[in-house]
Amino acid sequence: MDTALRASSVGRARRRPKTFGENRVCAAADCETRLSRYNRANNCFSHAPAKFPRMRGEFTEEFATRQAS
């Protein structure tokens, strides 16, 4: 009697990661930083525009009164 076991590797990716071109350089003037092919941005970390997280909640009364002044 033959016994067989079938298995696949753990964590195997189902599709390839997106790529955004090779040999790209930061879009900022005078910046020669080479960007990763997996980085969708056109700027390097140093020249990327600032991003601020969305804050939830309520303002304290103290803050609200300072903003109204």
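Structure above, values below:
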{"item": "Under 5 Å, built H, 5+ apart or other chain: amide partners of ARG24", "result": "LEU35"}
{"item": "Farthest toward positive dipole pole in the chain [+1 Lys/Arg, -1 Asp/Glu at C-beta], among ALA68, ALA48, VAL25", "result": "VAL25"}
{"item": "Peptides ranked, highest mean first, by Cβ atoms within 10 Å: ranges 43-51, 14-22", "result": "43-51, 14-22"}
{"item": "Computed [θ] at 222 nm, helices only, for the chain once each DSSP H run of length n ≥ 4 contributes -39500 (n - 2.57)", "result": "-3000 deg cm²/dmol"}
{"item": "Mean Cα-pair separation over length for the chain, i.e. relative contact order, pairs under 8 Å, 6 or more apart, %", "result": "20"}
{"item": "Dipole moment magnitude, nearest 20 debye, segment 1-51 about Cα centre, only Lys, Arg, Asp, Glu C-beta charged", "result": "320"}
{"item": "Cα gyration tensor shape of the chain, rounded if a/c is under 1.5, else prolate or oblate by comparing a/b with b/c", "result": "oblate"}
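A short reminder: the numbers here are calculations on the coordinates, not readings from a lab. This one's a predicted model, so the numbers in the text were calculated from it and none came from an experiment. With ideal geometry, Cβ positions are generated from the backbone for all residues, glycine too; neighbour counts draw on all protein chains shown.
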